[in-house]
C-alpha cells in the first residue's frame, strides 16, 4: 500500500508505461511511437515523448497546494552548446525532462523541470513554477546516473542532487504561496516535452529517466533520499518497506593479490610449500609444480580416451586410482 | 533503534574467534566478522573522500593491510590504509554505488576472509555466522530496541560466475534470559522463578554467565535444566561458590547452533530449527516468521541471536576467484 502523500509514480518496469497511483498508462507520442524502455528506465529520444492524463483523462489528482516533492533518477547527456544565429554566441541547450501542466486546459506549466547544457561540459537543472519562480541547481556531470530530489513549500525550493542540497543558482521571481496559483491540482504530465515549443537552442532530451515519484508534501529528509538511492523508491513510498530498517554487510573472499607462503614441509624427496591462496607447490629449487585443490585443469578427457576419476575393483569399491577405460598409453 | 551485528561462531562459548575457517557453528564468538567503525561525514555517490571515526578500540591496528571497505551495499577499494581519512581508489568495486551518511557502519571487508580454498568433493564449503541484537535497554530504555519480523536475503550474489552463494537460517532452540539466583553451588544454580516456565533441559548446552559479584564474567555450559525446581546443572564446576554475590544475577545466552566438523561438511537442514539452503532475494527473503517455533525468533530482543549458514559453491576448473563477494541484507521493523 502506497503512502497517502504519493500522487504519481512511474517506474518503467514492463512494456506498458504504468502510472501506479492512478493505475493508468502513459502514452507514447511523437514521430517514433516505440518507446525504449528497460529496467534502467525510459530513454528519451528524438521527437518522442510520454504523456499521461490520469483517470478519465481528468489529470492526476495530486492534491498539491503549497508543498510537493518530486524525485527521479536521470542519466543526463550533454549535446554541447548551440550557436546563436544572430550573434554567433554560444548558448546553452534547453532539454525538457518532466513537466506537470494544468489538467483543465493543458496550457499552463505548473512544475517544469528542464536541463541546460553549460560551457563547462556539465549540465544543470532548472525548476520553474507557475507563479513565475525558477531556480537552477549547481552543475553536475553528464554520462553518469544522478538522483534528483526537488521539494518545496511556501518558504522556498530545495534541490538535492545525489542527496546533496544544491546552492540554488540564478533564482528568479518569488516563490508563490500555492503551487497551482489559481488552477486546480489535477495535472497532466509530459516527459521529454515542453509546452514552450522548440525554438533555437531548445532540443529534445537524450538521457534516461527512471523511478519518477511525486508527493504532495515537503520532504527533505536526507535519510529518505539515501533509502531511495540505495534501496529503491519503494522504501520511501510503500508501507511494506517504509517501516523497515536494513543492515547490510558485504562478505569478501577474492583470491589474495599478495601471495604469501604460510607453511613448508621437506619430506626428504620434495619440498612442499603451502600458500595463502590455497596452492601447494612441490619441487626442487629448479622445478616447481603448482596446483589448486579444486582445479581440473590437469585432467584430460578428450579424443578416444575415456577416463574414470576413480577405478572400481571387482567388488564395486573405489580403488582410489585413476583408471583409463579400454585404452592404452604409449610412452 | 536496535543494533544488529555479525559475529563469527566458535567451538566454545565466550571466546574470541581468530580463525575464520573455524566459524562453523557452535556458540556466538566474541569476534565480529569484520572490524567496524562509522563514517564521520557524508559521502556522496561519486565522492572519493572517505572519513571514518576511530574504532572503539582506539587503534587502526586491525585495519592495517586491508584493501576493501564495505559501507552499505557498496564495496570500495582503498589504498594502503593508514588512518580514518582515506581517498578511495575505486568506488563501487562490486558495481553498487551508494550514498553514505555520517554514522553509517563501515567494515574492513577484506581484513581477513571468511572463506578459504578448501572445498569438499562437491566443491562446496560452509561457514556459520551469528546475527546478534546488541542493543542494551539500559542505555536508552525509551528507544525501541526489539527487532521485529527479521528477514534475511542476498542483495548481491557473487559476481564471479563460477561461484555461488546460498544461505540457510538456524534458530537457537532456547532464548536469552536473565535472572536472579535463589540458591547455588559450584555445580548448580537455582532460580525458583523459572519453575514450570521452561521444559526440562530447555537450556541444555547453553552458556550461563554470572553478571555480578566477584564471579562476574565467569560462565559455564549447562548440562541440564530441571523444570520442577528451576535448577541449572553444569558440565564443569565454578572454581568457588564463594565468589558469588549475595544475590547472584545471571544470564543464559541463546543456545548454540549445530557445529560441523570442518568447513567442508554441510550442516543438517533436516530439523524445524534450520531452513534449507536458499538464494533468497529482496522479494523472497528468508525468515522464520511463518514457522512454528519454541519462541518467536523472527523478533530478536536484545541479546537474542540468529545463525546464518553460508554455502559457497565453486565451479570445477575455475582457475582464480576474483570479483568474489556477496552482500547480505537484514531487514526488520522497529515495531510490531
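For the list (1) surrounded by fewer than 16 Cβ atoms within 10 Å (Cβ to Cβ); (2) in contact with a strand residue (DSSP E or B) (Cβ under 6 Å, 6 or more places away or on another chain); (3) closer than 23 Å to residue B:30 by Cβ; (4) touching a residue at least 40 places away in the same chain (Cβ under 8 Å), I need the number of the one condition that residue B:247 fails.
Looking at each condition in turn, residue B:247 falls short on (3).
Evaluate segment B:47-56: report whether one residue or more is surrounded by fewer than 19 Cβ atoms within 10 Å (Cβ to Cβ) and under 27 Å from residue B:127 (Cβ atoms).
yes
From B:30, B:70, which residue is outside any loop (DSSP other than H, G, I, E, B), in contact with a strand residue (DSSP E or B) (Cβ under 8 Å, 6 or more places away or on another chain) and away from chain A (no Cβ under 13 Å)?
On the way: B:70 fails: away from chain A (no Cβ under 13 Å).
After ruling out the rest, the residue left standing is B:30.
State all residues of segment A:12-28 that are surrounded by fewer than 20 Cβ atoms within 10 Å (Cβ to Cβ) and either in contact (Cβ under 8 Å) with a residue 40 or more places away in the chain or within 21 Å of residue A:219 (Cα to Cα) (or both); if no residue qualifies, say none.
Hit for segment A:12-28 is A:20, nothing else.
Please enumerate the residues belonging to segment A:36-51 that are buried (at least 18 other Cβ atoms within 10 Å of the Cβ) and at pLDDT below 85.
Scanning segment A:36-51 gives no hits.
Kindly check whether there is at least one residue in segment B:109-120 that is part of a strand (DSSP E or B), buried (at least 20 other Cβ atoms within 10 Å of the Cβ) and touching a strand residue (DSSP E or B) at 6+ places or on another chain (Cβ under 9 Å). Walk me through how you get there before you give the answer.
In the first step, residues of segment B:109-120 are kept if they are part of a strand (DSSP E or B); the result is none.
The answer is no; no qualifying residue exists.
If we scan segment B:161-175, do we find a residue that is assigned to a loop (DSSP other than H, G, I, E, B), within 12 Å of another protein chain (Cβ to nearest Cβ), in contact (Cβ under 8 Å) with a residue 40 or more places away in the chain and surrounded by fewer than 20 Cβ atoms within 10 Å (Cβ to Cβ)?
Yes, some residue in segment B:161-175 is assigned to a loop (DSSP other than H, G, I, E, B), within 12 Å of another protein chain (Cβ to nearest Cβ), in contact (Cβ under 8 Å) with a residue 40 or more places away in the chain and surrounded by fewer than 20 Cβ atoms within 10 Å (Cβ to Cβ).
Within segment A:150-167, track down each residue that is part of a loop (DSSP other than H, G, I, E, B) and under 14 Å from residue A:65 (Cα atoms).
Result: A:154, A:155.
Can you tell me which residues in segment B:277-288 are in contact with a strand residue (DSSP E or B) (Cβ under 6 Å, 6 or more places away or on another chain) and either in a loop (DSSP other than H, G, I, E, B) or modelled with pLDDT under 80 (or both)?
B:277, B:279, B:280, B:281, B:282, B:285, B:287
Residue A:217 - would you say it is assigned by TED's automatic domain parsing to the domain that holds residue A:52, crowded, with 21+ Cβ neighbours inside 10 Å and on the phi < 0 side of the Ramachandran plot?
No.
In this structure, is residue B:14 under 23 Å from residue B:126 (Cα atoms) and in a loop (DSSP other than H, G, I, E, B)?
The answer is yes for residue B:14.
Looking at segment A:76-107, which of its residues are closer than 30 Å to residue A:185 by Cβ and buried (at least 18 other Cβ atoms within 10 Å of the Cβ)?
A:76, A:94, A:95, A:96, A:97, A:98, A:99, A:100, A:101, A:102, A:103 - these are the residues of segment A:76-107 that are closer than 30 Å to residue A:185 by Cβ and buried (at least 18 other Cβ atoms within 10 Å of the Cβ).
Which numbered condition trips up residue A:148, out of (1) within 20 Å of residue A:41 (Cβ to Cβ); (2) touching a strand residue (DSSP E or B) at 6+ places or on another chain (Cβ under 7 Å); (3) away from every other protein chain (no Cβ under 14 Å)?
With (1) within 20 Å of residue A:41 (Cβ to Cβ); (2) touching a strand residue (DSSP E or B) at 6+ places or on another chain (Cβ under 7 Å); (3) away from every other protein chain (no Cβ under 14 Å) applied to residue A:148, the lone miss is (3).
Find the residue count for segment B:42-56, including only residues that are out of contact with any helix residue (DSSP H, G or I) (no Cβ under 9 Å at 6 or more places or on another chain), within 12 Å of chain A (Cβ to nearest Cβ) and part of a loop (DSSP other than H, G, I, E, B).
Of the residues in that region, 3 qualify.
Among the numbered conditions (1) farther than 25 Å from residue A:224 by Cβ; (2) without any contact (Cβ under 8 Å) to a residue 24 or more places away in the chain, tell me where residue A:139 comes up short.
Result: residue A:139 fails condition (1) only.
Any idea how many residues of segment B:121-133 are more than 9 Å from chain A (Cβ to nearest Cβ), under 22 Å from residue A:274 (Cα atoms) and not in a strand (DSSP E or B)?
Total satisfying the criteria: 1.
I'm told residue A:42 meets every condition in (1) part of a loop (DSSP other than H, G, I, E, B); (2) under 23 Å from residue A:236 (Cβ atoms) except one. Can you identify the failing condition by its number?
Every listed condition holds for residue A:42 apart from (1).
Within the set of pairs 6 or more residues apart or between chains, which connect a residue that is facing chain A (nearest Cβ under 10 Å) inside segment B:102-117 to a residue that is modelled with pLDDT under 80 and part of a loop (DSSP other than H, G, I, E, B) with Cβ atoms less than 6 Å apart?
B:117/A:278
Which number in (1) crowded, with 16+ Cβ neighbours inside 10 Å; (2) at pLDDT 95 or above; (3) closer than 27 Å to residue B:9 by Cβ marks the one condition that residue B:218 misses?
(2)
Determine whether residue A:249 is more than 20 Å from the chain's Cα centre (by Cα), closer than 23 Å to residue B:70 by Cα and facing chain B (nearest Cβ under 7 Å).
Judged against the criteria, residue A:249 is a match.
Taking segment B:306-336 as the region of interest, how many residues are more than 7 Å from every other protein chain (Cβ to nearest Cβ), assigned to a strand (DSSP E or B) and under 27 Å from residue B:255 (Cα atoms)?
The total comes to 7.
Checking the conditions here, which among A:74, A:50, A:91 is closer than 30 Å to residue A:177 by Cβ and touching a strand residue (DSSP E or B) at 6+ places or on another chain (Cβ under 6 Å)?
Answer to the check: A:74.
The values are calculated or read from the model by the stated rules, or taken from the named source; none is laboratory data. The structure displayed is predicted, hence computed values, not measured ones. Every residue, glycine among them, receives a Cβ derived from its backbone with ideal geometry; neighbour counts consider all protein chains shown.
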